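Notes for the one structure printed next.
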Amino acid sequence: MGMQKFFLFLGLYLAFTIVMAFIGYHFDITGNIRKLLREPAPVTGYYEMPVVTLKMMNADMRGGSVRLGINLEVDAKDTALVESYLPRIMDRLQAFSQRLTAKDFQETPELRWLRGELLIEINQASGPVHVRGLSFRELIVL
């Protein structure tokens, strides 16, 4: 009788584990169905911003500049809408560049930080358009 209880308990445990794994795989933490619905992924579009020269401060408090060309990753339906927010985005980039130094462009960790900060600034300036990512086309410290 002891072995039957053991195998019954083991079978129930395995069944419970399989059911929980299935639920965990198909549902995310908020309870939304992820894999079962197979919603199509949003179509990604890229907006190529014009190359700009931004002023920045050097370590000795003299002005320097950086030539920057970036691509913005947005929904394909929003690529034309980004154009209307371009003056606001450029203004935010000019203001943000005043806080930068040449040291911020020297190594990979600084560039990762810079990419994240630029993404925050651009998202704040772009209104309802959500910019998912950005890539540097050109980055030259002058």
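We did not get these values from a lab; they are worked out from the coordinates using the rules stated. Everything quoted here is computed from the prediction, not taken from an experiment. Cβ coordinates were reconstructed from backbone atoms using ideal geometry, including for glycine residues, and neighbour counts include every protein chain displayed.
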Cut-off 13 Å between beta-carbons: net charge of the residues surrounding residue 129, Lys and Arg +1, Asp and Glu -1: -1
Computed label-point distance, nm, for sites residue 53 and residue 19 using a 7 Å Cα→Cβ extension: 6.9
Taking 84, 97 and counting other C-beta atoms within 10 Å, the order from fewest to most: 84, 97
Footprinting exposure proxy for 122, 140 (fewest neighbouring C-beta atoms within 10 Å first): 140, 122
Computed lengthening from residue 124 to residue 86, 0.36 nm per intervening residue step minus Cα-Cα distance: 12.5 nm
